[in-house]
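Undergrad: Pasting a structure below so you can have a look.
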């Protein structure tokens with residue numbers, strides 16, 4: 001196993017969002033969106049109603065969902081020349097306030113930064129851009145891909161790295177963590193349970209912790225894939 005080459009990681013910025021349906025119930029959804037959802041879900045509705053599918057899957061689609069928590073992380077060299085993985089997470093009373101915080105953070109980053117996530121090219125990054133536009137907010141330069149070729153985007157994705165060119169392959173972050181023997185921090189639930197924590201349990205802090213832990217696992221998985229190495233628990237600041 002190689003020693004971690006931290007200089008090669010210093011431009012990375014890890015990101016994870018948590019999403020839920022726009023409303024707790026389908027009945028609360030504005031009628032035009034109810035009609036759009038019913039049409040969209042018509043091919044999936046076997047033994048389930050559009051209302052049931054909305055509660056289960058509404059948070060997966062930016063048109064019918066919203067962002068309720070955010071996790072971020074980056075590598076930082078301390079004054080003692082020790083490299084740390086610094087982790088933060090946020091919630092806010094409203095999605096707009098959280099999105100404004102995201103814009104503020106990303107706009108302050110150096111434009112040479114590279115955004116990293118797990119399945120983020122297919123989910124987190126496009127979802128975030130769509131919700132920004134829906135809320136009338138600007139898309140930060142790091143997320144704005146207008147006019148760019150796919151290989152010009154400042155994105156990296158641990159799922160894509162693990163595919164090695166095989167487009168149909170899906171693997172969860174939990175699976176990759178297990179494969180590489182990464183057992184800290186622990187994800188106590190998965191994305192499908194976020195809506196329950198938000199609407200029923202009203203526990204946004206646990207959702208924020210989930211995002212923060214997800215970022216920590218993503219960063220460790222990235223290092224395992226790209227450098228065949230590991231980050232020590234002591235180097236993760238913010239957990």
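Throughout, read-outs are computed from the coordinates displayed, never taken from laboratory work. Everything numeric here is computed off the predicted structure, so don't read it as measured data. Virtual Cβ from ideal backbone geometry, glycine too; neighbours counted across all protein chains shown.
Undergrad: Could you tell me how many degrees, from 0 to 90 and to the nearest 10, lie between the Cα long axis of helix 204-227 and the main elongation axis, the longest principal axis, of the Cα atoms of the chain?
TA: 50
Undergrad: Give me the angle, in degrees from 0 to 90, between the Cα long axis of helix 124-134 and the longest principal axis of the Cα atoms of the chain, rounded to the nearest 10.
TA: So the inclination is approximately 50 degrees.
Undergrad: How much length, in nm to one decimal, is gained on full extension between residue 202 and residue 97, taken as 0.36 nm per residue of separation minus their Cα-Cα distance? Walk me through the intermediate numbers first.
TA: On the way: separation 105, 0.36 × 105 = 37.80 nm, distance 1.78 nm.
Taking residue 202 through residue 97 to full extension adds about 36.0 nm, to one decimal.
Undergrad: Can you compute the radius of gyration and Dmax for region 9-65, using only the Cα atoms, both in Å?
TA: 14.6, 49
Undergrad: Would you calculate, for the chain, the mean residue ellipticity at 222 nm contributed by helices, counting each DSSP H stretch of 4 or more residues as -39,500 (n - 2.57) and dividing by all residues, to the nearest 500? Let's see the in-between values first.
TA: Details: 7 runs with 80 residues, N = 239.
My calculation for the chain gives -10000 deg cm²/dmol from helical runs alone.
Undergrad: Then there is this: Taking 2.2 N^0.38 Å as the expected size of a compact globular protein, what ratio does the Cα radius of gyration of region 1-153 give against it, to two decimals?
TA: Its radius of gyration relative to the 2.2 N^0.38 Å reference: 1.24.
Undergrad: Another question, if that's okay. Treating region 127-239 as a set of equal point scatterers at the Cα positions, no solvent, please give the Debye-formula log₁₀ I(q)/I(0) at q = 0.10, 0.20, 0.21, 0.22 Å⁻¹.
TA: Here the Debye-derived log intensity ratios amount to -0.40, -1.25, -1.26, -1.27.
Undergrad: Of 226, 101, 149, which is the most mobile in a GNM of the chain whose springs link Cα atoms less than 10 angstrom apart?
TA: 149
Undergrad: Still on this structure, I have one more. For region 77-169, just the Cα set please: Rg and Dmax, both in angstrom.
TA: In order Rg, Dmax, the Cα atoms of region 77-169 give 15.2, 44 Å.
Undergrad: When a footprinting reagent is the concern and you count Cβ atoms within 10 Å, what order do 229, 192 take, fewest first?
TA: Working: 229 14, 192 11.
The fewest-first ordering by Cβ neighbours comes to 192, 229.
Undergrad: While we're on this one: Just how far, in whole angstrom, is region 38-84 from region 127-182 if you go by their alpha carbon centroids?
TA: Between the Cα centres of region 127-182 and region 38-84 lies a distance of 13 Å.
Undergrad: Between 0 and 90 degrees, rounded to the nearest ten: what's the tilt of helix 31-40 against the longest Cα principal axis of the chain?
TA: Once rounded, one gets 70 degrees.
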